[in-house]
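The values are calculated or read from the model by the stated rules, or taken from the named source; none is laboratory data. The shown structure was predicted, so the numbers you read here are calculated from the model rather than taken from an experiment. Virtual Cβ from ideal backbone geometry, glycine too; neighbours counted across all protein chains shown. Surface areas here come from the heavy atoms of the whole protein model, side chains and all, with no ligands, DNA or RNA. Shrake-Rupley method; radii C 1.70, N 1.55, O 1.52, S 1.80 Å.
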Amino acid sequence: MGSRKQDSALARKEMNRDVVKARLNDCPSSPRKMRLVADIIRGESVDKALYILKYSKKEASNKLEKLLLSAMANWQVKNEGADIEEANLIVKEIYVDSARQLKRLRPAPQGRGHRIRKRSNHVTIILGNKEI
């Protein structure tokens, strides 16, 4: 019984060899601004996505570029002998979730206080092979 579990674990490991993940937690920018950049690179090849992020004017593109480079490094660790250019990696999935909000008060007229919500987000990027 133990050998069957080991065989299934090895098979699952082989299947997941081409798929890598990287996460960015508690990034201090609003999820809406981050999604604008994330939507541009979804489904693109890794080289094209890096090019897009490098020359984008958005502030979120700098953080996503570092995250994409981290995911590529994770792929290289998982596939030691393989060449990253020949792998045809694409940005399979990228999603932005909202994280905690820092709540602050700003003075308003007549002694009132208006609430300021400083938003942050979590970004997950999944790279995979291009299926032909």
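Considering only residues that are over 18 Å from VAL96 (Cα atoms), assigned to a helix (DSSP H, G or I) and among the polar types (S, T, N, Q), look in segment 38-79 and name the one that is most open to solvent (accessible area, probe 1.4 Å).
This residue is GLN76.
What is the number of the single condition among (1) among the β-branched types (Val, Ile, Thr); (2) modelled with pLDDT of 95 or more; (3) assigned to a loop (DSSP other than H, G, I, E, B) that ILE84 does not meet?
(2)
So LEU89 clears everything in (1) without any contact (Cβ under 8 Å) to a residue 40 or more places away in the chain; (2) crowded, with 17+ Cβ neighbours inside 10 Å; (3) more than 13 Å from the chain's Cα centre (by Cα) except one condition, right? Which one?
(1)
Based on what the data block shows, is TYR95 of a type outside the set (Val, Ile, Thr), modelled with pLDDT of 95 or more, open to solvent by 30 Å² or more (accessible area, probe 1.4 Å) and outside any strand (DSSP E or B)? First the steps, then the outcome.
Details: of a type outside the set (Val, Ile, Thr): yes; modelled with pLDDT of 95 or more: yes; open to solvent by 30 Å² or more (accessible area, probe 1.4 Å): yes; outside any strand (DSSP E or B): no.
For TYR95, the condition - of a type outside the set (Val, Ile, Thr), modelled with pLDDT of 95 or more, open to solvent by 30 Å² or more (accessible area, probe 1.4 Å) and outside any strand (DSSP E or B) - is not met.
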